[in-house]
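Below you'll find the structure, written out as structure tokens, and then a few comments.
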Amino acid sequence: MTNQDELDTILAGHMGREGALLPILHDVQAAFGYVSEEVVRRIAQALNLTRAEVHGVVSFYHDFREAPEYRPVLKLCRAESCQARGVEAMVAALPENPRVAVETVYCLGLCSVGPAAMIGHEVHGRLDAARLGALVESLA
């Protein structure tokens, strides 16, 4: 199945559905790893939206990428609760690793067990500097 066929399948699976844009974008992100300009154009055409409307949603939500990320991604919560539990000091102490992308997110919903991070769909709570470093190294 080509990317074009897979996109057609995703679009067909959501046609006629109210509020289809976000589910389509999530499926595209899962299938391809990012939402290209060509895909934005095709989604806009299929949903009778402007490219600007679709691009606005893609660029607003941090879960959508406009270009492929070839490194594994660790999403690190830096919301107030995790800040209160020392995430900023952990970030400052984290060694650079060019083979891993560390991204900031604001709230993973683990406020009672923060600082927290997410790799794929797996969440990790009660992090300290050593556990965070081990997570980054496990991805490298």
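Here is how the numbers come out for the structure above:
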quantity	calculated
Close pairs from the range 22-42: first surrounded by fewer than 20 Cβ atoms within 10 Å (Cβ to Cβ), partner not aliphatic (A, V, I, L, M), Cβ under 6 Å, at least 6 apart	23/14; 29/64; 31/6; 33/68; 34/65; 34/68; 41/51
Of the criteria (1) surrounded by 13 or more Cβ atoms within 10 Å (Cβ to Cβ); (2) on the phi > 0 side of the Ramachandran plot, which one residue 16 fails	(1)
Of all residues in the range 68-83 being of a type outside the set (S, T, N, Q) and without any contact (Cβ under 8 Å) to a residue 12 or more places away in the chain, the one that is nearest to residue 58 (Cα to Cα)	70
Qualifying position, being closer than 23 Å to residue 73 by Cβ, among the small types (Gly, Ala, Ser) and in a helix (DSSP H, G or I), among 46, 30	30
Sole residue being among the small types (Gly, Ala, Ser) and in contact with a Ser or Thr (Cβ under 9 Å, 6 or more places away or on another chain), chosen from 44, 30	44
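FYI, it's all coordinate maths here, none of it is from the lab. Quick caveat: nothing in here was measured; it's all calculated off a predicted structure. No Cβ is skipped: glycine too gets one built from the backbone with ideal geometry, and neighbour counts run over all protein chains shown.
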